1. Which pairs, out of LYS40/LYS73; LYS6/LYS37; LYS44/LYS73; LYS6/LYS41; LYS14/LYS66; LYS41/LYS66, put more than 20 Å between their alpha-carbon atoms?
2. Excluding ASP23 itself, calculate the net charge of residues whose Cβ lies under 11 Å from the Cβ of ASP23, where each Lys or Arg counts +1 and each Asp or Glu counts -1.
3. If you roll a 1.4 angstrom probe over the protein chains with everything in place, what fraction of the accessible area of the chain belongs to carbon and sulfur, to the nearest %?
4. Would you calculate the separation in nanometres between label points at ILE74 and GLU62, each defined as 7 Å from the Cα along the Cα-to-beta-carbon direction?
5. In what sequence, largest accessible area first, do THR53, THR58, THR31 appear using a 1.4 Å probe?
6. In nm, what is the difference between 0.36 nm times the number of residues separating ASP18 and THR31 and their Cα-Cα distance?
7. What nm value, rounded to one decimal, do you get for the distance between GLU38 and MET1 when each label is placed 7 Å out toward the C-beta?
8. Using the Kirkwood formula on the Cα atoms of the chain, what hydrodynamic radius do you get, in angstrom to one decimal?
Amino acid sequence: MDINEKILLLAILKKEVDESLNDVVLKLENTNLFSLKEGKKLLKKLRSEEFITDSYLTLKGEVIAKNVEQEFKI
């Protein structure tokens, strides 16, 4: 898993209740982490790998996102 995928999962974990996944991608795009097109590709990939379902993280995605959070705290 590359760093952009990890950051996107973490951002989804930390998103506000009223934010959509596209809002999260737009926020990260504004930080120049990746382009909107790349962000949408990453979302699609994370959905296909069952890290995301609908607008939420799956249990698998949540575990990975929490591990990423711990990784960044070190």
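The values are calculated or read from the model by the stated rules, or taken from the named source; none is laboratory data. Keep in mind that what you see is a predicted model, and the values were worked out from it rather than measured. In this analysis, Cβ positions are derived from the backbone assuming ideal geometry, glycine residues included, and neighbour counts consider all displayed protein chains. These accessible areas exclude ligands, DNA and RNA; they are computed on the full protein's heavy atoms, side chains included. Shrake-Rupley method; radii C 1.70, N 1.55, O 1.52, S 1.80 Å.
1. Values: LYS40/LYS73 27 Å; LYS6/LYS37 17 Å; LYS44/LYS73 27 Å; LYS6/LYS41 14 Å; LYS14/LYS66 10 Å; LYS41/LYS66 22 Å.
From LYS40/LYS73; LYS6/LYS37; LYS44/LYS73; LYS6/LYS41; LYS14/LYS66; LYS41/LYS66, over 20 Å: LYS40/LYS73; LYS44/LYS73; LYS41/LYS66.
2. On the way: positive: LYS15, LYS27; negative: GLU16, ASP18, GLU19, GLU29.
Result for the local shell: -2.
3. Numbers: 2590 of 4940 Å².
Within the chain, the accessible surface is 52 percent carbon and sulfur.
4. 2.4 nm
5. Result of the area sort, largest leading: THR31, THR53, THR58.
6. Details: separation 13, 0.36 × 13 = 4.68 nm, distance 2.04 nm.
Separation in residues times 0.36 nm, less the Cα-Cα distance, equals 2.6 nm.
7. 1.9 nm
8. On the way: mean 1/r = 0.0826 Å⁻¹.
After inverting the mean inverse Cα-Cα distance, the result is 12.1 Å.
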